[in-house]
Structures are given as structure tokens and as C-alpha cells.
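Participant: Pasting a structure below so you can have a look.
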Amino acid sequence: MKEVRVSLVGFGNVGRATASVLLKKSRFFEDRYGVKINVVSISDTSGTVWLPEGIDLMEALLVKETFGKLSAWTNDYEVYELTPGDVVREVDAEVVVDVTNDKEAWKWHLAALKEGKSVVTSNKPPLAYHYRELIGEAEKRGVLYLFEATVMAGTPIVGLLRENLLGDDVQSIEAVLNATTTFILTQMERGLSFEEALAKAQKLGIAERDPSGDVLGIDAGYKATILHCLAFHPITYDEIRVRGIAEVTEGEIERAKTKGKTIRLVARVEKGRVAVEPAEIPRESPLAVESHENAAVIRTDLLGELVIKGAGAGLKETASGVVSDIIKAGLRAV
Ligand code: HSE
């Protein structure tokens, strides 16, 4: 059995969901792909657990769940004080997985690629600001830089634009890319105020503890920037126009409703032009998603209109994208 060694950086909700899938489906991955995925280091903000033979993921999950931090794990395992940059340099691994929110992570992504390691990330800012540099370095080193979970969680819009449609000219993408804002707008349609809807989203764990990135459109903006990089050419988040849902009034929601429409935070992506803003859309439009769904309408010269729709948030849904990329990177490495 071939083995792929993985450094997992980040052990919050997405990191734990990823470890959990790797644990539960390890036999399935071994039978299907002939590859054993061996997590040799796991880092959270308290420290890094590193074992070259491979970490028992069940125990790691238990320690984190029980004590809230990896550094509480004292028997059998050493806990090291390593920055992600140190992990990249010191831990022997073929694949580095970033499931953090580290805005400066592009620096250690770049370092990992320079070390000849493939990188898998669910973290958006590195791509929204450094796409050209990161993809260029990966190509130069002959390793993979994979980011399926950055847009629409595990719903494979990144793979679709990156690996398929290679003969098509994409003309435009229109998409709803943020679940929190969809939830808030739907609740407002049902009569809640913006504040009440936001509080409910936080209580249900849909919105982040600091939901400003979602509400102000920054999260959707990062995702739209990444789609532009994939479909057209690299740009950065600074070049796009973003307006969130903070100013959408109850009156606007009502007016849309009487016209048979609904308001969603819509990203419009065309060559050299990206805008994210609240927009009225017909109820029967594929973009009139509910709950944690995302949707995108991609228009191309050869295919015409293509719709991709599915989960855009959620833990196992995000782990779907991360794990798929780990397997892809692993198959390339062995
Ligand atoms: N906070 C995001 C959303 C999920 O609400 O869509 C992660 O991308």
C-alpha cells in the first residue's frame, strides 16, 4: 500500500470534520485508490502534534473535543511549538492542508510549494490576493495547489472550471455564493428584522461568531474573485466591487416579494469585471436558493447555460472538497 503523508494545519470545525472523514473512510480510500493517507502532524493555535509514523485521528479528535486544545495531549505524543512555516519546513510530508482562517497563509503556502509539497486549502484570502503567484509556483515545482473547498464547499465548481470546460470560452458567471446571507434574507422574508435574523443564524451556527465577513459581502467577494481567476485571468479582491446585505431594508424585501421576486447576494463575474451586491431575482431562477445551498449559472460559447447547485457551507460538505483534494494531491505524490 502506498502512503501519503499529510500535515493538517488548523483543527477547528473544518479541520476536525476533515480528520473525521479521513478516519471513517480510510478503508474505502485504501480499497478504491490503493493509497493510505497518513496524517503525520496536526496543528491548532495551541501547538503541533507530530508523529512521523502517523497520528491516531480518533485520539486527536477526542483530545480536542475533551480539552479544546491539542496542547492538552501529553501522553504518547509530543506537542511542539511550531508556526505553520516551521511545520512546512520541518515535518516530512507530501501534502500540506490549510483549514485555517490565516490571512497571511499565502506565505507558508508558497514556502510549502517551494519545498516540493502540494497544498490543499479551504482558506480563501491566499487565493483572493495571491492567485497568480501561488499557481505559478506550483506549476514551476510540478506540485498541486488545490482549493475546491474555497468556493461552494464541496460542490465542485472549482474542478468544473479548472479541469473541464477547457474548450469553452466562459462568458459570464452569475452566482449566489454565501449561505449566511441567504439564510438572513430568507428569514427577513418571513418577517424577522435583520438583527433578529442574524442572531438566529449565529445561534444555529450558520453565521460565523464574527459574521461581518459574510454580511458585508467579503466572503462572497473572495469566492467571486477566485471564480474570475479560474474562468478568465488572475485578479485580486481589491479590483472588485462589493456591497453586502447590511443595508437591505424590510421594505425592499416586501417590494420584491410582491413582484414574485426574492433578494439574494448575487455575484456577477465577467471578464475583467466582478460585482457582488444584493439583487432581486425571480422566484423560479436557479439562483433563488434556500438554506445553505449555493448556485451558479455559467454561460459559455459552446454549452450555453450550465447550472451548478449544491451545498455551499457546512462541515461535512466542506470536508468533501478538502478530502477530494487531499486524495488528488496524494495520487499525484505516490
Ligand atoms: N460563511 C460561509 C457562508 C461558509 O456563509 O457561505 C464558508 O464559505
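Participant: Could you grab me the full set of residues in the stretch 94-116 that are more than 20 Å from Thr45 (Cβ to Cβ) and surrounded by fewer than 24 Cβ atoms within 10 Å (Cβ to Cβ)?
Facilitator: Correct list: Glu94, Leu110, Lys114, Glu115, Gly116.
Participant: If you don't mind, there's one more thing I want to ask. Would you tally the residues in the stretch 180-215 being within 12 Å of the ligand (Cβ to nearest atom) and open to solvent by 40 Å² or more (accessible area, probe 1.4 Å)?
Facilitator: So the count comes out to 8.
So that you can scan it fast, the table gives a plain yes or no per residue for (1) at pLDDT 95 or above; (2) assigned by TED's automatic domain parsing to the domain that holds Val248; (3) in contact with a Ser or Thr (Cβ under 8 Å, 6 or more places away or on another chain); (4) of a type in the set (D, E, K, R):
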{"residue": "Arg141", "(1), (2), (3), (4)": "yes, no, no, yes"}
{"residue": "Tyr145", "(1), (2), (3), (4)": "yes, no, yes, no"}
{"residue": "Glu148", "(1), (2), (3), (4)": "yes, no, yes, yes"}
{"residue": "Gly167", "(1), (2), (3), (4)": "yes, yes, no, no"}
{"residue": "Ile173", "(1), (2), (3), (4)": "yes, yes, no, no"}
{"residue": "Val176", "(1), (2), (3), (4)": "yes, yes, yes, no"}
{"residue": "Ala179", "(1), (2), (3), (4)": "no, yes, yes, no"}
{"residue": "Thr186", "(1), (2), (3), (4)": "no, yes, yes, no"}
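Participant: Further, regarding this structure: Look through the stretch 288-312, keep the residues that are surrounded by 21 or more Cβ atoms within 10 Å (Cβ to Cβ) and in a loop (DSSP other than H, G, I, E, B), and return whichever of them is farthest from the ligand (Cβ to nearest atom).
Facilitator: Top of the filtered list is Val289.
Participant: Considering only residues of the stretch 216-239 that are out of contact with any helix residue (DSSP H, G or I) (no Cβ under 6 Å at 6 or more places or on another chain) and open to solvent by 10 Å² or more (accessible area, probe 1.4 Å), which is farthest from the ligand (Cβ to nearest atom)?
Facilitator: The qualifying residue farthest from the ligand (Cβ to nearest atom) is His233.
Participant: Cβ-Cβ under 8 Å, sequence separation 6+ or interchain: first residue in the stretch 213-226 and assigned by TED's automatic domain parsing to the domain that holds Phe194 and closer than 17 Å to Gln202 by Cα, partner of a type in the set (Asp, Glu) and surrounded by fewer than 24 Cβ atoms within 10 Å (Cβ to Cβ). Which pairs?
Facilitator: Hits for this filter: Asp214/Glu208; Gly217/Glu277.
Participant: Being within 11 Å of the ligand (Cβ to nearest atom) and open to solvent by 60 Å² or more (accessible area, probe 1.4 Å) is the requirement here; does Asp169 meet it?
Facilitator: no
Participant: Answer with yes or no whether Thr66 is free of Cβ contacts under 8 Å to residues at least 12 places away in the same chain and either farther than 20 Å from Pro234 by Cβ or aromatic (Phe, Trp, Tyr) (or both). Even if it seems obvious, please write down each step before you answer.
Facilitator: On the way: free of Cβ contacts under 8 Å to residues at least 12 places away in the same chain: yes; either farther than 20 Å from Pro234 by Cβ or aromatic (Phe, Trp, Tyr) (or both): yes.
For Thr66, the condition - free of Cβ contacts under 8 Å to residues at least 12 places away in the same chain and either farther than 20 Å from Pro234 by Cβ or aromatic (Phe, Trp, Tyr) (or both) - is met.
Participant: Sort through Glu277, Glu293 and tell me the only one that's modelled with pLDDT of 95 or more and in the same structural domain as Leu185 (by TED's automatic domain parsing).
Facilitator: From the options Glu277, Glu293, the qualifying one is Glu277.
Participant: May I pose another question? Among the numbered criteria (1) among the hydroxyl-bearing types (Ser, Thr, Tyr); (2) surrounded by fewer than 22 Cβ atoms within 10 Å (Cβ to Cβ); (3) within 30 Å of Leu23 (Cβ to Cβ), which one does Ser285 miss?
Facilitator: Only one criterion is unmet by Ser285, namely (3).
The values are calculated or read from the model by the stated rules, or taken from the named source; none is laboratory data. Predicted, not measured: the structure shown is a model, and the values here were computed from it. FYI the Cβ positions are ideal-geometry reconstructions off the backbone, even for glycines, and counts take in every protein chain you see. Just so you know, the surface numbers come from the protein's heavy atoms only, side chains and all, with ligands and any DNA or RNA stripped out. Shrake-Rupley method; radii C 1.70, N 1.55, O 1.52, S 1.80 Å.
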